[in-house]
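The values are calculated or read from the model by the stated rules, or taken from the named source; none is laboratory data. All of these numbers come straight from a predicted model, not from anything done at the bench. For neighbour counting, all protein chains shown are included, and Cβ atoms are generated from backbone atoms with ideal geometry for every residue, glycine included. For accessibility, only protein heavy atoms count, side chains too; no ligands or nucleic acids. Shrake-Rupley method; radii C 1.70, N 1.55, O 1.52, S 1.80 Å.
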Amino acid sequence: MKLENVVPWGRTLKEYELMFKILEEDKEKRILGCGDGPASFNAELTQSGCYVVSIDPIYQFSKQQISRRIDEVRPIIMQQLTKNLDGYVWDVLGSPQALENTRMMAMNHFLADYEDGKNSQRYVSGSLPHLPFDDKEFDLALCSHFLFLYDEHLSELEHIQAIIELVRVSQEVRIYPLISLNGKPSSYLSGVVRHLESLGISVSLKSVEYEFQKGATQMLVVKAA
Ligand SMILES: C[S@@+](CC[C@H](N)C(=O)[O-])C[C@H]1O[C@@H](n2cnc3c(N)ncnc32)[C@H](O)[C@@H]1O
């Protein structure tokens, strides 16, 4: 992975709770965040005493490198977002300026926690479809804004391999969103669901109370048979 190809952009614990319908009882579980990047999810959840590990290829880079890359991509992301304001629901995040503030707060929280989290193996460098974890090392794996969203960059087969790997390391997997960057439902969804079901893996769609990209109102819940 080259850092100049990475677009780090991170969400908060509150957003993860809404995207994945995380209940208090879920917080007792061993949680894996896959593709967490510079989200403050791990830092915030760890501070409240929970067990969470995040895995992402960007964790091969130093705090200074990630911080510099955030500063480079921030104006580009904001420019793209303001060109497509109608593609988003603004009633919770407010305005582009408020969104930028929330994202920067989350990413600064991540950066402040990063070196400590790396030393305690909470931030692990690695990539789907091969995760350096034992079978069922986790109870709940979450994958936010990676699978299905970037369906131009990953094939249907790569989605299937990624989800099979997630369900190998975790009892349950939740994935959000199920629409791609163009704002349309991912064209892989039905094929991926059919393939997983044919392997005896249980798959269901659940509505969530989070919608920023218009139409992104569901998560995929996957459980090993
Ligand atoms: C748009 S960011 C989402 C960050 C975070 N999950 C959130 O929602 O705020 C997508 C993340 O996926 C990570 N990623 C890219 N390829 C990956 C792979 N093969 N396996 C796991 N994560 C990957 C990127 O490094 C990036 O941090």
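Per the Cα gyration tensor, region 1-104 maps to an equivalent ellipsoid with semi-axes of 24, 20, 10 Å, ordered largest to smallest. Out of every Cα-Cα pair that region 3-223 contains, those further apart than 25 angstrom amount to 36 percent.
Note on LYS83: lysines with a C-alpha under 21 Å away, same-chain residues under 8 apart excluded, are LYS184, LYS214. For the chain, the per residue solvent-accessible surface stands at 48 Å², with DNA, RNA and ligands left out and a 1.4 Å probe.
Heavy-atom accessible surface of HIS159, to the nearest 10 Å², is about 0 Å², with a 1.4 Å probe and all protein chains retained. Surface composition of the chain: carbon and sulfur atoms hold 50% of the protein heavy-atom accessible area at a 1.4 Å probe. Full extension of the chain segment joining SER62 with GLU24 gains 10.4 nm, where the gain is 0.36 nm per residue of separation less the Cα-Cα distance. Taking a span of 18 Å or more along the helix axis (Cα atoms) and a mean Kyte-Doolittle hydropathy of at least 0.0 as the rule, the DSSP H helices of the chain that qualify are 156-169.
Using a 10 Å Cβ count of at most 15 others and DSSP loop calls, identify the longest part of the chain lacking such trypsin sites (Lys or Arg not before Pro). With trypsin sites (Lys or Arg not before Pro) excluded where exposed in loops, the chain gives 3-135 as its longest stretch. Once you reduce region 1-41 and region 77-134 to the center of their Cα atoms, the two points are 8 Å from each other. Working note: 222 nm ellipticity from helices only, DSSP H runs with n ≥ 4, each -39,500 (n - 2.57), summed and divided by the residues of the chain, gives -12000 deg cm²/dmol to the nearest 500. Of the residues GLU156, GLU17, GLU4, GLU197, ranked by 1.4 Å probe accessible area with the largest first, the sequence reads GLU4, GLU197, GLU156, GLU17. Relative to its residue count, region 147-205 spans a Cα convex hull of 76 Å³ per residue.
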